[in-house]
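Data first, discussion second: the structure below is written as structure tokens.
The values are calculated or read from the model by the stated rules, or taken from the named source; none is laboratory data. Quick caveat: nothing in here was measured; it's all calculated off a predicted structure. Neighbour counts run over all protein chains shown; Cβ positions are idealised from the backbone, glycine included. Each accessible area value is taken on the protein alone, full model and side chains, heavy atoms only, with ligands, DNA and RNA left out. Shrake-Rupley method; radii C 1.70, N 1.55, O 1.52, S 1.80 Å.
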Amino acid sequence: MIQLNKYLDNLRGVIKEVDVNTAFQKQLQGAILLDIREKDEVNSGSPTNAIRISKGMLEMNIVNEIPNSDTEIYLLCASGRRSLVSAFALQELGYQHIYSVKGGFGDWKNQGLPFEIPKTLKPEDLERYKRHLLIPEVGEKGQLKLLNSKALIVGAGGIGSPVAWYLAAAGVGTIGIIDDDIVDRTNLQRQILHTENSVGTYKVDSAKERLEALNPAIKIIPIKERLNADNIDSLLSDYDVVLDGTDNFTTRYLINDACVKLKIPNVHGSVFRFEGQVTTFYPASEQENAPCYRCVYPTPPPPELAPSCAEAGVLGVLPGMVGIMCATEAIKILAGFGTLMIGKILCFNALSWSFDIYDIDQKTDCPYCGCKDHEHYPSYSNYVASCSL
Ligand SMILES: [Zn+2]
């Protein structure tokens, strides 16, 4: 004979139950409130700031969402019965501080506790980003973060092109592209945003046309300007991540100095013939010892040691490889998953197929990322005036 009530009573012997007010107080103190109801139930309201994983996917997805088995977790369903069953499963999985919320969301609302209507993906987005939604590390939550995020790409050239293509395809909601250059036929060997028909037009206009054709729902902001000490703060300050795909040192130092000051992660890629480098400079990150560009390269090299692609040549696919890795890094930053390339630099050589990752450290006396006093942050204009590149 099937005896559901007896089964639930037995579970109550091994799982602690708390009322909704206790769960709310615990949530305020830092514990996790986990709403395990199905999507259609959650869509009409769920406790504010709850984590939401439906019961069907719970054991599979919680490991990524809450990796620490010591975390205090309060499970909530509609009435307190499903949460009891799931709490037992999570306890078996190894979580040590699991509670079931008696009365569930019904009681939560009756007690006047705060709830919100969660943001959800539109039907067309569920289709477009379906392959992302299948990955637990991204899922609907990560995709919503991407759609609500803003990335700025400096340079619509060899590195900026694949970055822009993949960020647009991934659904990064706002993509700004800064470039005041015109498409030249010599660009087409590597700058894959542009076509023969784009020759003679602004790179940012060509980029906007292609990217909107790929993903019409996102916003592309073309900026026909050259970054300088006067405009950089206002151009960068609105963005969640900056991708530096420039090929000149003046701009690289300027981007670094502004990103450090504005506390924006700076995903950095560079190429030279068959060699590429990728890293993220983000001293404001939670990671200890995270360097900025100047910690690694305190001053610009002399011009004769810093040839551009135009002077040195580059295998056309190389900036593509670097750009794709930069785009991967930006997507991880924006969606919030995985290990980032902060404090590390990837260096590869496509001629010999060597790939190496080196640690790079913050310099404790770096005048930029080491500056704790906002008032005395080094000015940009002094640097630009003294730089002859
Ligand atoms: Zn630094």
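Protein heavy-atom surface of the stretch 149-386, 1.4 angstrom probe: 52% of the accessible area is carbon and sulfur, with nucleic acids and ligands not counted. This model, with +1 at the C-beta of Lys and Arg and -1 at the C-beta of Asp and Glu, gives the chain a dipole about its Cα centre of some 1040 debye.
The separation of the stretch 228-269 from the stretch 61-76, counted between C-alpha centres, amounts to 37 Å.
Can you give the FRET efficiency for residue 353 and residue 117, using 1/(1 + (r/R0)^6), R0 = 41 Å, r = Cβ-Cβ distance, to the nearest 0.05? With a Förster radius of 41 Å, E is 0.20.
Look at the alpha carbon pairs under 8 Å that are at least 6 residues apart: their mean separation over the length of the stretch 187-283 gives a relative contact order of 17 percent. The residues packed around residue 219, meaning those with a beta-carbon under 13 Å from its beta-carbon, carry a net charge of 0 if Lys and Arg are +1 and Asp and Glu are -1. Considering only beta bridges that DSSP places wholly inside the chain, some 40 percent are antiparallel. Pairs 102/130; 224/261; 263/332: which exceed 26 Å Cα-Cα? Among 102/130; 224/261; 263/332, the Cα-Cα distance tops 26 Å for 102/130. Considering only 95, 279, 138, and ranking their Cα positions along the charge dipole of the chain that arises from unit charges at the beta-carbon of Lys, Arg, Asp and Glu, the one farthest toward the positive end is 95.
Heavy atoms of the protein chains alone define the surface here; on that basis the stretch 149-386 has 45 Å² accessible area per residue at 1.4 Å probe size. In the chain, helices alone account for a calculated mean residue ellipticity at 222 nm of -10000 deg cm²/dmol, with every DSSP H run of four or more residues adding -39,500 (n - 2.57). If R0 equals 41 Å, the separation of the Cβ atoms of residue 217 and residue 72 corresponds to a calculated FRET efficiency of about 0.55. Per-residue packing, averaged as other Cβ atoms within 10 Å, sorts the ranges 110-117, 252-259 into the order 252-259, 110-117, beginning with the highest. Using every pair of distinct Cα positions in the chain, the Kirkwood expression returns a hydrodynamic radius of 23.5 angstrom.
Summary value for the stretch 1-156: 26 percent relative contact order, contacts being C-alpha pairs under 8 angstrom separated by 6+ residues.
Accessible area per residue for the stretch 1-145 is 56 Å², calculated with a 1.4 Å probe on protein heavy atoms, without ligands, DNA or RNA. Figure note: 376, 132 ranked by solvent-accessible area, largest first, 1.4 Å probe, ligands and nucleic acids not counted: 376, 132.
Between the Cα long axis of helix 203-214 and the first principal axis of the chain there is an angle of about 30°, rounded to the nearest 10. Sorting 118-125, 159-166, 364-371, 244-251 by their mean Cβ neighbour count within 10 Å, with the most densely packed peptide first, gives 159-166, 244-251, 364-371, 118-125. So for the chain, taking the charge dipole from beta-carbon charges (+1 Lys/Arg, -1 Asp/Glu), which of 83, 367, 270 sits furthest toward the positive end? The residue sitting farthest along the positive end of the dipole is 83.
From most to least packed by mean Cβ count within 10 Å, the peptides 214-225, 69-80 give 69-80, 214-225.
Each Cα pair under 8 Å and six or more residues apart adds its separation to the average, and for the chain the resulting relative contact order is 13 percent. Computed over neighbours whose Cβ is under 10 Å from that of residue 161, the net charge equals +3, Lys and Arg +1, Asp and Glu -1. Sequence-ordered 3J(HN,Hα) estimates for the stretch 21-26 from the Karplus curve with 6.51, -1.76 and 1.60 and θ = phi - 60° stand at 5, 5, 4, 5, 4, 5 Hz, glycine and proline given as x. For the stretch 141-154, 3J(HN,Hα) computed residue by residue from phi via the Karplus equation (6.51, -1.76, 1.60; θ = phi - 60°) reads 5, x, 5, 5, 4, 4, 5, 9, 9, 10, 10, 10, 9, 9 Hz, glycine and proline entered as x.
The label-point distance for residue 39 and residue 60, in a model that sets each label 7 Å from Cα toward Cβ, rounds to 1.2 nm. Amide H contacts of residue 273: 315, each under 5 Å away and 5 or more positions distant or on a separate chain (H built 1.01 Å from N in the peptide plane; Pro and chain starts excluded).
Around residue 232, what is the net charge, scoring Lys/Arg as +1 and Asp/Glu as -1 over all other residues with Cβ under 13 Å from its Cβ? With Lys, Arg at +1 and Asp, Glu at -1, the neighbours total -3.
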